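Take a look at the structure set out below.
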Amino acid sequence: MSDDGELPSIPGVGVDLPATLRIAGLAWERTESPPSLACWTGSFPEPAGGNAVDISLVMEPAAPPEEVTLQLAHDVVSRFDVFVDRAARYCRTRLRERHFGLTAEELSWLDLPELPLAAPEAVVWADRTWAIRFTESRFRLAEPYGILVTFNGTQPVDVEGIEDE
């Protein structure tokens, strides 16, 4: 309680959030999350006919997504294979940097036609930044939760190993 006897406002509490969003022909279902944020997740078939790809939309503080954020999520789904390719090319270049600490063997993998990056997922945040997470990889950097490539618009701008889930 505050000094004036009022209960403090908690972001997202009391906000009417839809259980389902329809984006790019997909039904995105609201998932359990802390009260301060709202998360919806959907899956779509990978263009190459592989496993389904998960994509999440995260709003913090919890609120219904704005139209511009919904449009970004639609663009990510619609061009996912293009963005995965950009993320992989970005990793091929950036992971050569000394501070990533790749072994000689791991550095040699960067010259293979197919990088050891698999099972991509995407997350779009309320501030309209977004990322692709490769959940599977032989790179030590990927332990334990994968490699995250963050985008600014349509271009990758950062890569990191994920230690916290």
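The values are calculated or read from the model by the stated rules, or taken from the named source; none is laboratory data. All of these numbers come straight from a predicted model, not from anything done at the bench. Note: ideal-geometry Cβ built from the backbone for every residue, glycine included; neighbour counts use all protein chains shown. Calculation scope for accessible area: heavy atoms of the full protein, side chains included, ligands and nucleic acids excluded. Shrake-Rupley method; radii C 1.70, N 1.55, O 1.52, S 1.80 Å.
See the values below:
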| item | result |
| --- | --- |
| For segment 10-165, accessible area per residue (1.4 Å probe, heavy atoms of protein chains only), Å² | 55 Å² |
| Extension reserve of the Glu163-Ala27 stretch, reckoned as 0.36 nm per residue once the Cα distance is removed | 46.0 nm |
| More than 29 Å apart - percent of Cα-Cα pairs taken over the chain | 27 percent |
| Counting DSSP beta bridges with both ends in the chain, the antiparallel % (nearest 5) | 90 percent |
| Degrees separating the helix 67-78 axis from the principal Cα axis of the chain, which is the longest one | 30 degrees |
| Added length on full extension, which subtracts the Cα-Cα distance from 0.36 nm per residue, Glu143 to Ala104 | 12.3 nm |
| Inter-site label distance for Ala119 and Glu97 at 7 Å from Cα along Cβ, in nm | 2.6 nm |
| Rel. contact order, % - alpha carbon contacts under 8 angstrom, at least six apart, the chain | 16 percent |
| Accessible-area composition of segment 98-165, carbon plus sulfur, in percent [1.4 Å probe] | 47 percent |
